[in-house]
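Visitor: Just passing along the structure, written as structure tokens.
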Amino acid sequence: MKTLFFFGTLRHAPLLDLVLGRATAPVAASLPGYRVVWAEGESFPMMIEAPGEQAEGVVLAGLSDDDVARLDFYEGAFAYRLVTVTAQTGAGPVEALVYMPHDAPWRPGAPWSLADWQARWGALTMIAAAEVMRAFGRMSAEDIGHRLPIIRARAQAQVSAAARRRPVTLSSPLTRDDVALDHYAIPYEKFFTVEEMRARYRRFDGSWGQTGDRAIFQVADAVTVLPYDPVQDRVMLIEQLRVGVYASGDPQPWLLEPIAGIVDAGESFEATAHREAMEEAHVELSALHHVAGYYPTPGGVAQYLVSYVGIAHLPDEAPRIGGIEGEGENIRNLLVGFKELVGMLEAGELVNAPLLLSVQWLMLNRDRLRG
């Protein structure tokens, strides 16, 4: 049996219980000679040597080999390894193991606060940790580490959805409380996930109905942005292979689209728009105009999109190829005049839904933007 000292996110009791798969009862402890700080630019802490100070935490004794294996799997995704230390408890010194950074690129940041972390990252981390631990015994910690950004992006999408509120005028007052889940399973979980569910729901006459079996494609939130140069009166479109179109049997699986990308954990929709514009098209946006926030395919895809038109300088020599090579992207950038763009819309050449929506918004607002 082993004893571990936890100084960071695993001090959050619900997270520790989730990782271990059982209820725990850790006791307060401290570690002299150390300080807990944020890993700069990250959502988690790290511990550094600090003579004369002490790191606050908890110790948990009686951990089995299976317990430690579960902890190793979870912490392994964050590049930590176990080191032996002597912690102080109310009952005296205790020899314990603690997870310390190993070959990690992080730099120490500001002093870390458990309460601040719980408020900002607690809910997201619990959702992400549940997906991580579902892979225990099926995947390596290294593989989970590679998938962690999209896992956290999906968790961010669920946190954002829970906080979302729409105006109710003609809409019914029905809410999530009017749905009862009878069956839930996750048969596939990689970059995207597939969920199966069966539910009962309140009908408009007040009675209860059945949804039948449903499959849901779970995707993280995403942003699209159509760069527009009001001086040159032209936009930038991107073109790339879309495997969904290929899978449908369409003989033309390369689509013209706006710039698009997944919202990373902790990132705003606006920040995503600016980041993706640089990554996919090397375009710097000077302003963003909100087009709409919407669910593109709510019958079977769990994803929320936010579309923008972004003001940009689009010179003739704008880069023609973009994307991140390491992500398998090969993106062609095209400059298109407004009149030609409208002609393409009317002819049916544009079939990407966010692009259609953004072009129609631009048609309504072009004079204002040019003014």
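Visitor: Where nothing but the Cβ of Lys and Arg (+1) and of Asp and Glu (-1) is charged, how large is the charge dipole of the range 214-280 around its Cα centre, in debye to the nearest 20?
Guide: 300 debye
Visitor: From the Cα gyration tensor of the range 1-123, with a ≥ b ≥ c the square roots of its eigenvalues, which class applies: rounded if a/c is under 1.5, or else prolate if a/b is larger than b/c, or else oblate?
Guide: Since a/c stays below 1.5, the shape of the range 1-123 is classed as rounded.
Visitor: Residue by residue, what Karplus-based ³J(HN,Hα) values in Hz, rounded to whole numbers, does the range 101-118 have, using 6.51, -1.76 and 1.60 with θ = phi - 60° and x for Gly and Pro?
Guide: Using θ = phi - 60°, the values come out as x, 9, 6, 9, x, 6, 10, x, x, 6, x, 8, 10, 4, 5, 5, 5, 4 Hz.
Visitor: Let me ask something else about it. Using a Förster distance of 35 Å, how high is the FRET efficiency between I186 and L364, based on the Cβ-Cβ distance and rounded to 0.05?
Guide: After rounding, the FRET efficiency stands at 0.25.
Visitor: Work out from phi, with θ = phi - 60° and the Karplus expression 6.51 cos²θ - 1.76 cosθ + 1.60, the ³J(HN,Hα) of each residue of the range 257-268, listed in order in whole Hz, and give x for Gly and Pro.
Guide: So the Karplus estimates, Gly and Pro as x, are 8, x, 4, 8, x, 6, 7, 6, 4, x, 9, 7 Hz.
Visitor: May I ask you to give the percent of accessible area on the range 227-315 that is carbon plus sulfur, with a probe radius of 1.4 Å?
Guide: That fraction is 57 percent.
Visitor: I would also like to ask the following. Rounded, prolate or oblate: which fits the range 228-288, taking a ≥ b ≥ c as square roots of the Cα gyration tensor eigenvalues, rounded meaning a/c under 1.5, else prolate when a/b beats b/c?
Guide: Note, shape of the range 228-288 comes out oblate.
Visitor: Which one of L334, L174, Q88 has its Cα pushed farthest toward the positive end of the charge dipole of the chain, where Lys and Arg give +1 and Asp and Glu give -1 at the Cβ?
Guide: Of the candidates, L174 comes out farthest on the positive side.
Visitor: Here's another thing I want to ask about it. So how much accessible area does Y184 have, in Å² to the nearest 10, using a 1.4 Å probe?
Guide: For Y184, the solvent-accessible surface is approximately 110 Å².
Visitor: Specify which residue in the list Y308, Q54, P26 is farthest towards the positive end of the charge dipole of the chain, using unit charges on the beta carbon of Lys, Arg (+1) and Asp, Glu (-1), about the Cα centre.
Guide: Positive-most Cα among the choices belongs to P26.
Visitor: To the nearest 0.05, what FRET efficiency results for D17 and V243 with a Förster distance of 41 Å applied to their C-beta separation?
Guide: Efficiency, rounded to the nearest 0.05: 0.55.
Visitor: Shifting gears a bit: Once label points are set 7 Å from the Cα along Cα→Cβ at both D213 and D250, what is their separation, rounded to one decimal in nm?
Guide: Placing both labels 7 Å beyond Cα along the Cβ direction yields 2.9 nm.
Visitor: Place a +1 charge on the Cβ of each Lys and Arg in the chain and a -1 charge on the Cβ of each Asp and Glu, then give the dipole magnitude about the Cα centre in debye, rounded to the nearest 20.
Guide: The calculated dipole for the chain is roughly 1060 debye.
Visitor: Rolling a 1.4 angstrom probe over the protein heavy atoms, how many square angstrom per residue are accessible across the range 226-326?
Guide: 47 Å²
Visitor: Then there is this: Work out the FRET efficiency for T86 and M197 from their Cβ-Cβ distance, taking R0 = 45 Å, and round it to the nearest 0.05.
Guide: 0.35
Visitor: Where does each of F269, F73 land when they are ordered by accessible area, with a 1.4 Å probe and the largest first?
Guide: F269, F73
Visitor: Tell me, what is the percent relative contact order of the range 140-274, built from C-alpha pairs under 8 Å that lie six or more residues apart?
Guide: 22 percent
Visitor: On a C-alpha basis, how far is the centre of the range 1-55 from the centre of the range 211-259 in Å? Whole number, if you could?
Guide: Value for the Cα centre distance between the two parts: 42 Å.
Visitor: What length, rounded to one decimal in nm, is gained on full extension from A69 through to R134, with 0.36 nm per residue of separation minus their alpha-carbon distance?
Guide: Stretched fully, the A69-R134 segment lengthens by 22.0 nm.
Visitor: Could you point to the label whose value was computed as Cα Rg over 2.2 N^0.38 Å for the structure here, given (i) 1.09; (ii) 1.19; (iii) 1.04?
Guide: Answer label, from the structure shown: (ii).
Visitor: Within the accessible area of the range 1-101, what % is carbon and sulfur when the probe is 1.4 Å and the other protein chains stay in place?
Guide: Exposed carbon and sulfur together represent 51 percent of the surface.
Visitor: Once you charge only the Cβ atoms, +1 for Lys and Arg and -1 for Asp and Glu, what is the size of the charge dipole of the range 103-242 about its Cα centre, to the nearest 20 debye?
Guide: Charge dipole of the range 103-242: 280 debye, to the nearest 20.
Visitor: Please give the per residue accessible area of the range 89-209, computed with a probe of 1.4 Å over protein heavy atoms only, in Å².
Guide: Accessible surface, normalised per residue, equals 63 Å².
Visitor: What is the distance, in nm, between label points placed 7 Å from the Cα along the Cα-to-Cβ direction at E42 and at V301?
Guide: Here the answer is 3.4 nm between the modelled labels.
Visitor: The range 118-155 to the range 332-371: how many Å between their Cα centroids?
Guide: 39 Å
Visitor: Okay, next question. For the pair R176 and E95, how long in nm is the line joining their label points, each one 7 Å along Cα→Cβ?
Guide: Placing both labels 7 Å along Cα→Cβ, they lie 4.7 nm apart.
Visitor: With the Cα gyration tensor of the range 8-59 giving a ≥ b ≥ c as the square roots of its eigenvalues, does the rule (a/c under 1.5 for rounded; else a/b larger than b/c for prolate; else oblate) give rounded, prolate or oblate?
Guide: Since a/c reaches 1.5 but b/c is at least a/b, the shape of the range 8-59 is classed as oblate.
The values are calculated or read from the model by the stated rules, or taken from the named source; none is laboratory data. What you are looking at is a predicted structure, and each value in this text was computed from that prediction instead of being measured. For neighbour counting, all protein chains shown are included, and Cβ atoms are generated from backbone atoms with ideal geometry for every residue, glycine included. Surface areas here come from the heavy atoms of the whole protein model, side chains and all, with no ligands, DNA or RNA. Shrake-Rupley method; radii C 1.70, N 1.55, O 1.52, S 1.80 Å.
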